[in-house]
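Encoded as structure tokens, the structure appears first; notes follow it.
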Amino acid sequence: MLKSFASTAFSGLRTASQQQVRCIQVSARSFNVKDESAPKAKRTVVSSAPEGTVLKGINYMKDGKDPVALADDAYPDWLWEINDPEVRNARIADPLDKKHHKEARRQAIKADNFIRDKKT
Amino acid sequence: MSKKAPAAAASLLRLVVPAGKATPSPPIGPALGQRGVKSMDFCKQFNDRTKNVDVGTPLPVIITVKGDRTFTFVTKSPPTSFFLKRAAGIEKGATNIGKDHPFVGKVNLKQIYEIAKIKQADDGMGHLSLKGICAGVIGSAKSMGIEVVA
């Protein structure tokens, strides 16, 4: 009885630390401190398809036409960051971001698999 | 009550069919025939449903064949690779990709956005944000050797 209690307490400790990490992530997101304090950076990316360019190859209906590009500002802000490797790397470096932990976990699995392969 | 598995089970069949053109024996005929469906019936219905689509556009179809050999089907938007090849103006994707191999085509973010908007209309995409779908399209482009520029 006592032994099983000790083991559950220990496993409880492990999960508590994991929960702790998750709690930090949630509270950071809900406060959104980063977004409010930093001034919105002016978008430096300029699209190679200026307003009015016909975006070829998109339409596949008989009675439709290829869409025309709108002004850069008409598109959502995230579109200009989505292909930016710096933004992605910043998220991976930030220990409060989910991406950071996913990447860390991925590397740990790779290292673990490498060790296992070595044995065989 | 119900007979054993084959009579009651509905089978799913996933095919890619060019819009307006159906019944070639190789892709559709045997696949449907095995499940007891007359391929001519399917082709007539499919061509009818896709009559507003440019002829020859590949369309994924999911056919549900019920135990009594009746069928229903759902048509989805063309494959992402189809859109990307047309947007980049190339016939085929890259044979090899990676840092030692040059890109075979170029596509800009506004085109990606429009492709994602079309994809968003599909049934299976209801839980994804447009940003997530864009990220998926960019991933497809990269795996085809198509460069995504602003």
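The values are calculated or read from the model by the stated rules, or taken from the named source; none is laboratory data. Predicted model, so just to flag it, every value in this text is computed and none were measured. Note: ideal-geometry Cβ built from the backbone for every residue, glycine included; neighbour counts use all protein chains shown.
For region A:73-93, give me the residue count where each residue is more than 8 Å from chain B (Cβ to nearest Cβ) and either touching a helix residue (DSSP H, G or I) at 6+ places or on another chain (Cβ under 8 Å) or not acidic (D, E) (or both).
10
Restricting region B:65-84 to residues that are without any contact (Cβ under 8 Å) to a residue 60 or more places away in the chain, within 11 Å of chain A (Cβ to nearest Cβ) and not in a loop (DSSP other than H, G, I, E, B), which is surrounded by the fewest Cβ atoms within 10 Å (Cβ to Cβ)?
B:F82
Taking only region A:93-118 into account, find how many residues are at pLDDT 90 or above, surrounded by fewer than 14 Cβ atoms within 10 Å (Cβ to Cβ) and of a type outside the set (G, A, S).
Count: 14.
Looking at region B:91-142, which of its residues are within 11 Å of chain A (Cβ to nearest Cβ), not in a helix (DSSP H, G or I) and not polar (S, T, N, Q)?
If the condition is that a residue be within 11 Å of chain A (Cβ to nearest Cβ), not in a helix (DSSP H, G or I) and not polar (S, T, N, Q), then B:G105, B:K106, B:V107 are the ones that fit.
For residues that are charged (D, E, K, R) and more than 21 Å from B:G124 (Cα to Cα), scanning just region B:46-63, find the one that is surrounded by the fewest Cβ atoms within 10 Å (Cβ to Cβ).
B:D48
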